[in-house]
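Note sheet for the following structure.
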Amino acid sequence: MIAMIEYLLLAPIMTGILCFFTKTRKQVETISISGSVATLILGLTLVNEVFKYDIIVSWENALFADAFSAFIVLIVSIVGFVASVYSIGYMGHEFNHGILDLRKLRFYYVLFHIFMFTMLLVGVTNSLGLWIAIEMTTLVSALLMILYSRKSSVEAAWKYMIICTVGITFALFGTILTYYGAVKILGESGDALNWTSLIAVADQFDPTIMKLAFIFILIGYGTKAGLAPMHTWLPDAHSEAPTPVSALLSGVLLNCAMYGIIRFYTITTKSTGIAFTSNLLIIFGLLSLGIAVPFIILQEDYKRLLAYSSVEHMGIIAIGIGFGGIFGVFGAILHMFNHAMTKSLMFFGAGNILLKHETKEIDKISGVVKSMPVTGTMFFIGGLAITGSPPFSIFLSEFTILTAGFMQGRYVSSVLFLLFIIMIFAGFFNNISKMVFGTPKPGIATGEVSRWTLAAMAILLVFVFVLGFYIPPGFYEMIMKVVNVVG
Amino acid sequence: MSEIILGSKSVQLLIALILVSTFMILGSTRLYSCVRAFGIQSFLLACIAGIVAYSTGKNDLYVISALTLIIKAAIIPYIFIYIIREIKVKREIELYVNISPSLIIGGVLVVISYYLIKSINIISELSSFALTASMSLVSIGLFVMISRKKAIMQMLGILIMENGLFLGAISLTYGMPLLVELGIFFDVLIGVLIMGILIFRINKTFESIDTDMLKTLIG
């Protein structure tokens, strides 16, 4: 167990540095893929270690891992690995068509792995380290967004940078307030930042201060997690980034921000009682769902469609946590995982379609299932899954959350939740069918873009499909451990 | 303890001067004077951190104070001036809200911050004046961001907010553990560099750094 966390964090950094010194496309791709395999293996090892020891602490409490951290590490390393496989196909295509030169390709891979590092750091650090790591993710991903020097990408990157930095400044204030509360009890040591020690003494915190802190945290990290009404940057950023990055942003980074909220939720709940925190989460969650509805129904750009669907799913996770109880939290945590897998799958499919058709407008695309049979089929299955149709994984987690809502007697919220989901299902499905079915537009040749991209999608499809009706015992145990941490 | 140090005359004076420097930013239409005022503000913050370090005997705070001086009062203003020179921005700031209403709004924000801090019951243990100033800086920084047209002023607004939080952290807990502070400084510095890169990119693609241009992505 020695220095496990450090190794995990070093792997992507080393990969990034090595990528910087490559000379050809082949070299950079080989290093990138082997680096992400290494990250994945180390990530899985860390998960295993946490299973054995429950809590791993190192570096004077600055690095910290428990079941919840391991869960985030698991999501980051799986999606990161798949995205790096996908990148070879996607970025390779852009490279072949002269959209990117070697210098930009290298720059992309360097940033990609540093981005991975920052997201892993979010999971394995203490309360203030979390802030630093989340701010770092903003900085790195803003650079990834301006890889293409289009006007719209620059605009999206600027909005993203400004809105998220301001949001996160509020989160820092909330974190400082929590630290202030903790210092009074624990004294000025690294302990006052550690999640476990914070939770242990959370019931002695002054409720007024914690209420204020939680509001700031919710607004701050909520901005980054794309909760409405702070979500305005999200569709721009997620649709303008290069597709593999869109998948990471939507599938993983949003979860990382949500992780921050949930951590503070646990602490605040201990101090203020459950009513305050869960009501806030349910309100923000329902608002996110409600705001996503019209934008999904009337959407004209399919990458933005997926981005608004992410707003919706973050809302669902917030609602799940807000409903509480074992069912609510279990559903929310499971939903984090399911959403990460399914949304990445959808973005990868959308990326293939984008490469082929060179437009993001839904109306200009049809017959994908004929022109690109494999992508089309997987994209369609992903579309069914993301809207919560059985027998796919998201159905299971959404159903669990809904059950929790009725069990807790929150009938109005549960009914609203159901209503919004049905409306989103209809709108989303309508848009996806327009793209997938029908006859292909003239001038679109039959054939897939790259085998790498299909391999990446196939890996994710396994998760989407299997978790729909079978949760492996090890995975179940892990989620139960996370549920215990969240409380 | 905190009341004694932060309530002492010199610190009160420094905090008051920080507020004055913030109003200098609100009341100026020239980019250079805004940057200068920000530099002064950061310098004053470094002084406060130094005084608190001296009176509490916490050595970590000396490091923080020195870093504030180097990064926020020297390097960051220099980066600003570099950007202004390189992209030959028109030196005048265009405003959505004019100078005099800006100043009045700034004053109102300070008063609101005062009552906000007073209403939550942490005043008894802290110098409420430092916290008021901290809240005012955060809200005025936000106001600067939304009321000025140049992208570069949004960057300055964020930094004012950050300074406000720094002041808040010092008055609440005498700053945070050194490792954390180093991380925050690192983030702020890298953030400023990346925002600088973005501003160059905006200038290259839009041939202007007016945020009016950035309104194409909607719906």
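The values are calculated or read from the model by the stated rules, or taken from the named source; none is laboratory data. In this text, all values refer to a predicted model and were calculated from it rather than measured experimentally. Cβ atoms come from the backbone with ideal geometry, glycine included; neighbour counts cover every protein chain shown. Protein only, heavy atoms only, side chains kept; ligands, DNA and RNA dropped before computing areas. Shrake-Rupley method; radii C 1.70, N 1.55, O 1.52, S 1.80 Å.
Which of the aspartates and glutamates could a cross-linker span from residue A:481 if the Cα-Cα distance has to be under 15 Å and same-chain partners fewer than 8 positions apart are dropped?
Straight-line reach from residue A:481, under 15 Å: A:49, A:54, A:66.
Carbon-plus-sulfur fraction of the accessible area of chain A, 1.4 Å probe, in percent?
Details: 10480 of 15080 Å².
Answer for chain A is 70 percent, counting heavy atoms of protein chains only.
Any idea of the accessible area per residue across chain B, 1.4 Å probe, to the nearest Å²? Write down the numbers at each step before the final one.
Values: 8820 Å² over 219 residues.
So chain B comes to 40 Å² accessible per residue, rounded to a whole number.
For a Förster distance of 22 Å, can you work out the FRET efficiency between the beta-carbons of residue B:92 and residue A:104, rounded to the nearest 0.05?
Details: r = 36 Å, r/R0 = 1.64.
After rounding, the FRET efficiency stands at 0.05.
Per-residue counts of other Cβ atoms within 10 Å, averaged by peptide: what ranking do you get for B:60-73, B:202-215, highest first? Walk me through the intermediate numbers first.
On the way: B:60-73: 19.4, B:202-215: 16.6.
Highest-to-lowest ranking by the protection proxy: B:60-73, B:202-215.
Under a 5 Å amide H to amide H cut-off, with H placed in plane at 1.01 Å, what residues pair with residue B:148 once short-range neighbours are removed?
Answer set, sorted by chain and number: B:96.
In percent, what relative contact order does segment B:136-212 have, based on Cα pairs under 8 Å that are 6 or more apart in sequence?
So the answer I get is 32 percent.
Between chains A and B, what is the buried accessible area summed over both chains (1.4 Å probe, protein heavy atoms, nearest 100 Å²)? Don't jump to the answer; show the numbers that get you there.
Details: alone 17110 and 10950 Å², together 23900 Å².
Summed over both sides, the interface buries about 4200 Å².
Under a 1.4 angstrom probe, counting protein chains only, how are A:370, A:360 ranked by accessible area, largest first? Please report the intermediate quantities before stating the final value.
On the way: A:370 115, A:360 40 Å².
Ranked from most to least accessible, the order is A:370, A:360.
Evaluate peptide B:149-161: per residue, the Cβ atoms of other protein chains within 10 Å of its Cβ; return the mean as an integer.
Values: counts 0, 0, 2, 0, 0, 5, 3, 0, 3, 6, 1, 0, 6.
Mean inter-chain Cβ contacts per residue within 10 Å come to 2.
Using only atoms on other chains, find how many Cβ atoms lie within 10 Å of each Cβ of peptide A:160-172 and report the average.
Values: counts 1, 7, 10, 0, 0, 13, 9, 0, 3, 8, 4, 0, 9.
Other-chain Cβ atoms within 10 Å of each residue's Cβ, averaged: 5.
Note down the nm distance, to one decimal, between modelled labels 7 Å out along Cα→Cβ at residue A:152 and at residue A:13.
3.7 nm
Take peptides A:225-236, A:99-110 and line them up by average Cβ neighbours within 10 Å, highest first, as a rough protection proxy. Numbers along the way, then the final one.
Details: A:225-236: 24.0, A:99-110: 17.8.
Taking the mean over residues of other Cβ atoms within 10 Å, the ranking is A:225-236, A:99-110.
Tell me, what is the FRET efficiency for residue A:196 and residue A:21 to the nearest 0.05, using R0 = 30 angstrom and their Cβ-Cβ distance as r?
Values: r = 40 Å, r/R0 = 1.34.
Computed FRET efficiency for residue A:196 and residue A:21 comes out at 0.15.
Tell me the angle of helix B:99-119 to the major Cα principal axis of chain B, expressed in degrees between 0 and 90 and rounded to the nearest ten.
30 degrees
Given Cβ point charges of +1 (Lys, Arg) and -1 (Asp, Glu) and nothing else, what value in debye, to the nearest 20, does the dipole of the protein assembly as shown about its Cα centre take? Before the final figure, lay out the partial values.
Working: 43 positive and 37 negative charges, 312 e Å.
Using Cβ point charges on Lys, Arg, Asp and Glu, the protein assembly as shown gives about 1500 debye.
At what distance in angstrom do the alpha carbon centres of segment A:135-202 and segment B:4-68 lie from each other?
23 Å
List the residues whose amide H sits under 5 Å from the amide H of residue A:125, counting only those 5 or more places along or on another chain, with H placed 1.01 Å from N in the peptide plane.
HN-HN under 5 Å from residue A:125: A:64.
My understanding is that a pair violates if its Cα-Cα distance is over 21 Å; which of A:224/A:434; A:26/A:360; A:360/A:434; A:159/B:204; B:58/B:118 do that in this structure?
From A:224/A:434; A:26/A:360; A:360/A:434; A:159/B:204; B:58/B:118, over 21 Å: A:224/A:434; A:26/A:360; B:58/B:118.
Give the average, rounded to an integer, of partner chain Cβ atoms located within 10 angstrom of each Cβ in A:151-158. Display every interim value, and only then the final one.
On the way: counts 7, 4, 3, 9, 9, 3, 5, 10.
Across the residues of A:151-158, the mean count of other-chain Cβ atoms within 10 Å is 6.
Would you please state which residues of segment A:94-113 a label at residue B:193 would reach in this model, taking the label point 7 Å out along Cα→Cβ and a backbone N cut-off of under 14 Å?
A:111, by backbone N distance to the label point.
To the nearest 0.05, how large is the calculated FRET efficiency for residue A:96 and residue A:44 if R₀ is 41 Å and r is the Cβ-Cβ distance? Write out the running numbers ahead of the final one.
Working: r = 33 Å, r/R0 = 0.81.
After rounding, the FRET efficiency stands at 0.80.
What percentage of the solvent-accessible surface of segment B:1-87, computed with a 1.4 Å probe over protein heavy atoms, is contributed by carbon and sulfur atoms?
On the way: 2610 of 3780 Å².
In segment B:1-87, the share of accessible area belonging to carbon and sulfur is 69 percent.
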